[in-house]
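Read through the structure below, which is laid out as C-alpha coordinates, and then see the notes.
The values are calculated or read from the model by the stated rules, or taken from the named source; none is laboratory data. The shown structure was predicted, so the numbers you read here are calculated from the model rather than taken from an experiment. Don't worry about glycine lacking a Cβ; one is built from the backbone with ideal geometry, like all the others, and counts go over all protein chains shown. Heavy atoms of the whole protein, side chains included, go into the accessibility calculation; ligands, DNA and RNA do not. Shrake-Rupley method; radii C 1.70, N 1.55, O 1.52, S 1.80 Å.
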Amino acid sequence: MAQRRLIDRSRLERLPVIHQLRQSVGLQRGMLVAGLVLTGIFLLCALLAPWIAPYSYSQLSGADGANFGAQQPPSAAHPLGTTVGGYDVLSRVIWGAQTALMVVVVAIAMSVVLGIVLGLVSGYLGGWVDRVVVVVADAIYAFPTLLLAIVVAIAINNGQSGLWPGIMAAAASITVVFIPQYFRVVRAEVVRVKSEAFVESARVIGASTPRIMFRHVLRNSTRTLPLIVTLNASEAIATLAALGFLGFGIQPTVAAEWGFDLNKSTSDVAAGIWWTAIPPGIAIVLTILGITLIGESLNDLADPRLRARRRSKASQTPADAVAAHQPTAQEFMGEVQ
(Lines give C-alpha, C1' and ligand atoms only; values in the text may rest on other atoms or scores of the structure.)
Protein backbone atom coordinates (compact mmCIF):
# COMPACT_ATOMS: atom_id res chain seq x y z
CA MET A 1 0.00 0.00 0.00
CA ALA A 2 2.81 2.38 0.92
CA GLN A 3 4.68 1.51 -2.26
CA ARG A 4 1.59 2.26 -4.32
CA ARG A 5 1.27 5.65 -2.62
CA LEU A 6 4.90 6.42 -3.43
CA ILE A 7 4.34 5.48 -7.07
CA ASP A 8 1.22 7.63 -7.27
CA ARG A 9 3.07 10.52 -5.65
CA SER A 10 5.98 10.23 -8.07
CA ARG A 11 3.55 10.21 -11.01
CA LEU A 12 1.78 13.24 -9.60
CA GLU A 13 5.05 15.12 -9.25
CA ARG A 14 5.85 14.45 -12.91
CA LEU A 15 2.77 16.29 -14.13
CA PRO A 16 3.76 19.39 -16.14
CA VAL A 17 2.44 22.06 -13.77
CA ILE A 18 3.51 20.36 -10.54
CA HIS A 19 6.92 19.48 -11.98
CA GLN A 20 7.54 23.10 -12.96
CA LEU A 21 6.38 24.34 -9.56
CA ARG A 22 8.88 22.05 -7.83
CA GLN A 23 11.67 23.32 -10.06
CA SER A 24 10.91 27.02 -9.54
CA VAL A 25 12.05 29.04 -6.54
CA GLY A 26 11.75 32.60 -5.29
CA LEU A 27 10.41 35.22 -7.68
CA GLN A 28 10.16 32.68 -10.49
CA ARG A 29 7.78 30.57 -8.42
CA GLY A 30 5.74 33.63 -7.52
CA MET A 31 5.36 34.56 -11.19
CA LEU A 32 4.34 31.02 -12.09
CA VAL A 33 1.81 30.79 -9.26
CA ALA A 34 0.34 34.20 -10.15
CA GLY A 35 0.02 33.14 -13.78
CA LEU A 36 -1.64 29.87 -12.81
CA VAL A 37 -4.12 31.66 -10.54
CA LEU A 38 -5.12 34.23 -13.18
CA THR A 39 -5.37 31.59 -15.90
CA GLY A 40 -7.35 29.33 -13.57
CA ILE A 41 -9.87 32.09 -12.92
CA PHE A 42 -10.19 32.65 -16.66
CA LEU A 43 -10.78 28.94 -17.29
CA LEU A 44 -13.33 28.65 -14.48
CA CYS A 45 -15.28 31.62 -15.82
CA ALA A 46 -15.20 30.17 -19.32
CA LEU A 47 -16.23 26.65 -18.35
CA LEU A 48 -18.81 27.61 -15.71
CA ALA A 49 -20.28 30.66 -17.45
CA PRO A 50 -23.83 29.23 -17.73
CA TRP A 51 -23.93 28.65 -13.98
CA ILE A 52 -22.05 31.63 -12.50
CA ALA A 53 -23.23 34.41 -14.84
CA PRO A 54 -26.27 36.26 -13.43
CA TYR A 55 -27.88 36.58 -16.86
CA SER A 56 -27.38 35.46 -20.43
CA TYR A 57 -25.01 37.42 -22.67
CA SER A 58 -27.95 38.66 -24.78
CA GLN A 59 -30.54 39.07 -22.02
CA LEU A 60 -32.18 42.52 -21.89
CA SER A 61 -34.84 41.99 -19.22
CA GLY A 62 -35.29 40.24 -15.89
CA ALA A 63 -37.70 37.54 -14.80
CA ASP A 64 -40.42 40.15 -14.28
CA GLY A 65 -40.15 41.26 -17.92
CA ALA A 66 -38.81 44.73 -17.11
CA ASN A 67 -35.88 45.90 -19.22
CA PHE A 68 -32.53 46.39 -17.54
CA GLY A 69 -32.09 49.83 -19.05
CA ALA A 70 -29.07 51.26 -20.81
CA GLN A 71 -25.97 52.52 -18.97
CA GLN A 72 -27.38 51.82 -15.53
CA PRO A 73 -24.80 52.29 -12.73
CA PRO A 74 -23.69 49.34 -10.56
CA SER A 75 -26.41 48.10 -8.23
CA ALA A 76 -27.50 44.98 -6.37
CA ALA A 77 -29.24 43.64 -9.47
CA HIS A 78 -26.31 44.55 -11.73
CA PRO A 79 -23.01 44.57 -9.77
CA LEU A 80 -21.11 46.10 -12.70
CA GLY A 81 -23.98 48.06 -14.25
CA THR A 82 -25.36 47.72 -17.77
CA THR A 83 -23.99 48.54 -21.21
CA VAL A 84 -25.21 51.07 -23.75
CA GLY A 85 -27.15 48.23 -25.37
CA GLY A 86 -28.86 47.31 -22.11
CA TYR A 87 -26.87 44.14 -21.35
CA ASP A 88 -25.55 43.20 -17.91
CA VAL A 89 -21.82 44.02 -17.82
CA LEU A 90 -20.83 41.25 -15.40
CA SER A 91 -22.62 38.61 -17.47
CA ARG A 92 -21.01 39.87 -20.67
CA VAL A 93 -17.55 39.69 -19.07
CA ILE A 94 -18.08 36.12 -17.83
CA TRP A 95 -19.54 34.90 -21.12
CA GLY A 96 -16.74 36.68 -22.98
CA ALA A 97 -14.24 34.36 -21.29
CA GLN A 98 -16.05 31.40 -22.84
CA THR A 99 -15.89 32.94 -26.32
CA ALA A 100 -12.19 33.74 -25.92
CA LEU A 101 -11.42 30.21 -24.75
CA MET A 102 -13.21 28.62 -27.71
CA VAL A 103 -11.40 30.84 -30.21
CA VAL A 104 -8.00 30.24 -28.59
CA VAL A 105 -8.45 26.45 -28.47
CA VAL A 106 -9.58 26.21 -32.09
CA ALA A 107 -6.90 28.62 -33.35
CA ILE A 108 -4.04 26.97 -31.46
CA ALA A 109 -5.16 23.48 -32.47
CA MET A 110 -5.36 24.33 -36.16
CA SER A 111 -2.09 26.28 -36.21
CA VAL A 112 -0.19 23.58 -34.31
CA VAL A 113 -1.40 20.78 -36.59
CA LEU A 114 -0.77 22.67 -39.83
CA GLY A 115 2.52 24.16 -38.63
CA ILE A 116 3.85 20.78 -37.52
CA VAL A 117 2.87 19.02 -40.74
CA LEU A 118 4.36 21.74 -42.95
CA GLY A 119 7.54 21.97 -40.88
CA LEU A 120 7.98 18.20 -40.84
CA VAL A 121 7.48 17.77 -44.59
CA SER A 122 9.56 20.81 -45.51
CA GLY A 123 12.46 20.04 -43.19
CA TYR A 124 12.68 16.32 -43.94
CA LEU A 125 12.15 16.34 -47.71
CA GLY A 126 14.06 19.54 -48.47
CA GLY A 127 14.59 20.51 -52.11
CA TRP A 128 12.09 22.64 -53.98
CA VAL A 129 9.31 21.76 -51.51
CA ASP A 130 11.32 23.27 -48.69
CA ARG A 131 12.15 26.41 -50.67
CA VAL A 132 8.54 27.05 -51.70
CA VAL A 133 7.11 26.56 -48.21
CA VAL A 134 9.82 28.70 -46.62
CA VAL A 135 9.16 31.55 -49.04
CA VAL A 136 5.40 31.42 -48.41
CA ALA A 137 5.88 31.27 -44.63
CA ASP A 138 8.29 34.21 -44.67
CA ALA A 139 5.87 36.22 -46.81
CA ILE A 140 3.04 35.60 -44.33
CA TYR A 141 5.32 36.34 -41.39
CA ALA A 142 6.30 39.68 -42.92
CA PHE A 143 2.71 40.99 -42.81
CA PRO A 144 1.53 42.86 -39.71
CA THR A 145 -0.33 40.42 -37.47
CA LEU A 146 -3.50 42.44 -36.94
CA LEU A 147 -3.75 43.57 -40.57
CA LEU A 148 -3.46 39.99 -41.79
CA ALA A 149 -6.09 38.84 -39.29
CA ILE A 150 -8.49 41.57 -40.48
CA VAL A 151 -8.01 40.62 -44.13
CA VAL A 152 -8.65 36.93 -43.41
CA ALA A 153 -11.70 37.72 -41.25
CA ILE A 154 -13.23 39.83 -44.02
CA ALA A 155 -12.43 37.22 -46.66
CA ILE A 156 -14.05 34.39 -44.70
CA ASN A 157 -17.34 35.85 -43.50
CA ASN A 158 -17.31 39.54 -44.38
CA GLY A 159 -16.29 40.29 -40.80
CA GLN A 160 -19.71 39.48 -39.29
CA SER A 161 -21.30 36.09 -38.56
CA GLY A 162 -23.02 33.81 -36.06
CA LEU A 163 -21.46 32.01 -33.11
CA TRP A 164 -19.59 29.05 -34.60
CA PRO A 165 -19.02 30.64 -38.02
CA GLY A 166 -17.70 33.69 -36.19
CA ILE A 167 -15.50 31.59 -33.92
CA MET A 168 -14.13 29.68 -36.91
CA ALA A 169 -13.53 32.93 -38.82
CA ALA A 170 -11.67 34.51 -35.90
CA ALA A 171 -9.75 31.29 -35.25
CA ALA A 172 -8.82 30.96 -38.92
CA SER A 173 -7.52 34.52 -39.06
CA ILE A 174 -5.38 33.88 -35.99
CA THR A 175 -4.26 30.49 -37.34
CA VAL A 176 -2.83 32.04 -40.51
CA VAL A 177 -0.70 34.33 -38.33
CA PHE A 178 0.58 31.53 -36.06
CA ILE A 179 1.37 28.83 -38.63
CA PRO A 180 4.75 30.35 -39.68
CA GLN A 181 5.92 30.36 -36.05
CA TYR A 182 5.30 26.65 -35.53
CA PHE A 183 6.60 25.92 -39.03
CA ARG A 184 9.93 27.61 -38.35
CA VAL A 185 10.48 25.89 -35.00
CA VAL A 186 9.55 22.41 -36.23
CA ARG A 187 11.49 22.76 -39.49
CA ALA A 188 14.67 23.79 -37.67
CA GLU A 189 14.39 20.82 -35.30
CA VAL A 190 13.63 18.41 -38.15
CA VAL A 191 16.68 19.56 -40.10
CA ARG A 192 18.80 18.89 -37.01
CA VAL A 193 17.22 15.57 -36.02
CA LYS A 194 17.15 13.96 -39.48
CA SER A 195 20.96 13.80 -39.51
CA GLU A 196 21.13 11.90 -36.20
CA ALA A 197 22.39 8.34 -36.03
CA PHE A 198 19.06 6.76 -35.08
CA VAL A 199 17.42 8.20 -38.21
CA GLU A 200 20.20 6.80 -40.38
CA SER A 201 19.76 3.44 -38.66
CA ALA A 202 16.04 3.48 -39.42
CA ARG A 203 16.81 4.12 -43.10
CA VAL A 204 19.32 1.26 -43.16
CA ILE A 205 16.87 -1.30 -41.79
CA GLY A 206 14.37 -0.29 -44.47
CA ALA A 207 11.86 1.87 -42.57
CA SER A 208 9.54 3.82 -44.85
CA THR A 209 9.77 7.59 -45.13
CA PRO A 210 6.38 8.27 -43.43
CA ARG A 211 7.34 5.96 -40.56
CA ILE A 212 10.66 7.73 -40.03
CA MET A 213 9.05 11.16 -40.26
CA PHE A 214 6.15 10.59 -37.88
CA ARG A 215 7.58 7.98 -35.53
CA HIS A 216 11.21 9.00 -35.11
CA VAL A 217 11.73 12.58 -36.32
CA LEU A 218 8.45 14.16 -35.17
CA ARG A 219 8.74 12.82 -31.63
CA ASN A 220 12.09 14.55 -31.17
CA SER A 221 11.16 17.83 -32.90
CA THR A 222 8.25 19.13 -30.81
CA ARG A 223 9.74 19.53 -27.34
CA THR A 224 9.65 23.34 -27.35
CA LEU A 225 6.10 23.66 -28.71
CA PRO A 226 4.36 23.83 -25.29
CA LEU A 227 6.28 27.02 -24.53
CA ILE A 228 5.21 28.58 -27.83
CA VAL A 229 1.60 27.51 -27.28
CA THR A 230 1.34 29.39 -23.98
CA LEU A 231 2.82 32.55 -25.45
CA ASN A 232 0.64 32.36 -28.56
CA ALA A 233 -2.50 31.84 -26.47
CA SER A 234 -2.11 35.29 -24.94
CA GLU A 235 -1.43 36.77 -28.38
CA ALA A 236 -4.56 35.07 -29.71
CA ILE A 237 -6.72 36.70 -27.03
CA ALA A 238 -5.23 40.10 -27.85
CA THR A 239 -5.84 39.57 -31.58
CA LEU A 240 -9.44 38.47 -30.95
CA ALA A 241 -10.07 41.55 -28.80
CA ALA A 242 -8.57 43.78 -31.49
CA LEU A 243 -10.78 42.23 -34.17
CA GLY A 244 -13.86 42.78 -32.02
CA PHE A 245 -12.85 46.34 -31.18
CA LEU A 246 -12.47 47.18 -34.87
CA GLY A 247 -15.85 45.65 -35.69
CA PHE A 248 -14.67 42.46 -37.40
CA GLY A 249 -15.55 40.07 -34.59
CA ILE A 250 -18.65 38.21 -33.47
CA GLN A 251 -22.06 39.85 -33.30
CA PRO A 252 -23.21 40.67 -29.74
CA THR A 253 -26.51 38.82 -30.13
CA VAL A 254 -24.81 35.45 -30.70
CA ALA A 255 -21.90 35.66 -28.23
CA ALA A 256 -20.19 38.00 -25.78
CA GLU A 257 -16.83 39.36 -26.86
CA TRP A 258 -14.60 41.68 -24.82
CA GLY A 259 -13.25 43.67 -27.76
CA PHE A 260 -16.73 44.47 -29.08
CA ASP A 261 -17.86 45.63 -25.63
CA LEU A 262 -14.83 47.91 -25.42
CA ASN A 263 -15.68 49.38 -28.79
CA LYS A 264 -19.23 50.21 -27.70
CA SER A 265 -18.02 51.77 -24.45
CA THR A 266 -15.60 54.32 -25.94
CA SER A 267 -18.27 57.02 -26.08
CA ASP A 268 -19.33 56.21 -22.51
CA VAL A 269 -15.88 57.04 -21.12
CA ALA A 270 -16.09 60.60 -22.41
CA ALA A 271 -19.45 60.96 -20.62
CA GLY A 272 -18.05 59.71 -17.30
CA ILE A 273 -19.61 56.25 -17.53
CA TRP A 274 -16.69 54.07 -16.48
CA TRP A 275 -18.38 50.76 -15.67
CA THR A 276 -18.96 49.74 -19.29
CA ALA A 277 -15.28 49.95 -20.30
CA ILE A 278 -13.19 49.00 -17.25
CA PRO A 279 -14.48 45.41 -16.62
CA PRO A 280 -13.86 44.04 -20.13
CA GLY A 281 -10.55 45.90 -20.30
CA ILE A 282 -9.41 44.43 -16.98
CA ALA A 283 -10.52 40.97 -18.14
CA ILE A 284 -8.36 41.24 -21.27
CA VAL A 285 -5.33 42.54 -19.37
CA LEU A 286 -5.47 39.97 -16.53
CA THR A 287 -6.05 37.04 -18.88
CA ILE A 288 -3.16 37.98 -21.14
CA LEU A 289 -0.97 38.67 -18.10
CA GLY A 290 -1.73 35.29 -16.54
CA ILE A 291 -0.99 33.29 -19.68
CA THR A 292 2.13 35.36 -20.41
CA LEU A 293 3.49 34.77 -16.89
CA ILE A 294 3.07 31.03 -17.34
CA GLY A 295 4.78 31.11 -20.73
CA GLU A 296 7.70 33.23 -19.57
CA SER A 297 8.16 31.08 -16.44
CA LEU A 298 8.18 27.87 -18.46
CA ASN A 299 10.62 29.43 -20.90
CA ASP A 300 13.01 30.35 -18.10
CA LEU A 301 12.68 26.96 -16.40
CA ALA A 302 13.44 25.21 -19.68
CA ASP A 303 16.92 26.79 -19.60
CA PRO A 304 19.10 24.43 -17.50
CA ARG A 305 21.59 27.22 -16.72
CA LEU A 306 18.95 29.43 -15.11
CA ARG A 307 17.39 26.47 -13.33
CA ALA A 308 20.72 25.32 -11.86
CA ARG A 309 21.60 28.87 -10.81
CA ARG A 310 18.31 29.33 -8.97
CA ARG A 311 18.58 25.96 -7.29
CA SER A 312 22.11 26.65 -6.07
CA LYS A 313 21.09 30.02 -4.66
CA ALA A 314 18.00 28.58 -2.97
CA SER A 315 19.87 25.69 -1.34
CA GLN A 316 22.97 27.66 -0.31
CA THR A 317 23.56 27.86 3.46
CA PRO A 318 25.26 30.78 5.26
CA ALA A 319 28.38 28.63 5.72
CA ASP A 320 28.46 27.95 1.99
CA ALA A 321 28.19 31.66 1.26
CA VAL A 322 31.12 32.44 3.60
CA ALA A 323 33.22 29.62 2.17
CA ALA A 324 32.54 30.81 -1.35
CA HIS A 325 34.16 34.16 -0.62
CA GLN A 326 37.15 32.85 1.38
CA PRO A 327 40.31 31.29 -0.13
CA THR A 328 40.63 27.54 0.35
CA ALA A 329 43.52 26.34 2.50
CA GLN A 330 46.30 24.71 0.57
CA GLU A 331 46.24 21.50 2.65
CA PHE A 332 42.62 20.96 1.50
CA MET A 333 43.84 21.31 -2.06
CA GLY A 334 46.38 18.54 -1.58
CA GLU A 335 49.28 21.00 -1.52
CA VAL A 336 50.67 20.59 2.00
CA GLN A 337 53.92 22.45 2.43
Which residues' amide hydrogens lie under 5 Å from the amide hydrogen of residue 80, considering only partners 5 or more residues apart or on another chain, with H built in the peptide plane? 75, 89, 90
What is the P(r) of segment 169-225, as percent of Cα-Cα pairs per 5 Å bin from 0? 4, 18, 23, 18, 14, 10, 7, 4, 2, 0
Roughly how many Å² of residue 101 are accessible to a 1.4 Å probe, to the nearest 10? 30 Å²
If the chain between residue 75 and residue 267 were fully stretched, how many nm would it gain, using 0.36 nm times the residue separation less the Cα-Cα distance? 67.0 nm
Go from 0 up to the bin containing the longest alpha carbon distance in segment 184-302, width 10 Å each, and give me the % of pairs per bin. 12, 27, 20, 17, 13, 8, 3, 0
Suppose a student asked you for the relative contact order of segment 116-196, using Cα pairs under 8 Å spaced at least 6 residues apart; what percent would you report? 48 percent
So, for segment 23-90, what is the accessible surface per residue at a probe of 1.4 Å, expressed in square angstrom? 52 Å²
What's the whole-number percent of alpha carbon pairs in segment 239-301 lying beyond 13 angstrom? 66 percent
At 0.36 nm per residue, and after removing the present C-alpha to C-alpha distance, how many nm does the segment from residue 200 to residue 52 gain when stretched out fully? 47.6 nm
Over all directions, average the projected area of the Cα convex hull of segment 131-208 and note it in nm². 7.3 nm²
Residue 223 to residue 130: extension gain in nm, 0.36 nm per residue of separation minus the Cα-Cα distance? 31.3 nm
Out of the total accessible area of segment 40-134 (probe 1.4 Å, heavy atoms of protein only), what percent is carbon and sulfur? 71 percent
Packing-based ranking, highest mean first, of 163-172, 91-100, 260-269 given that Cβ atoms within 10 Å are counted: 91-100, 163-172, 260-269
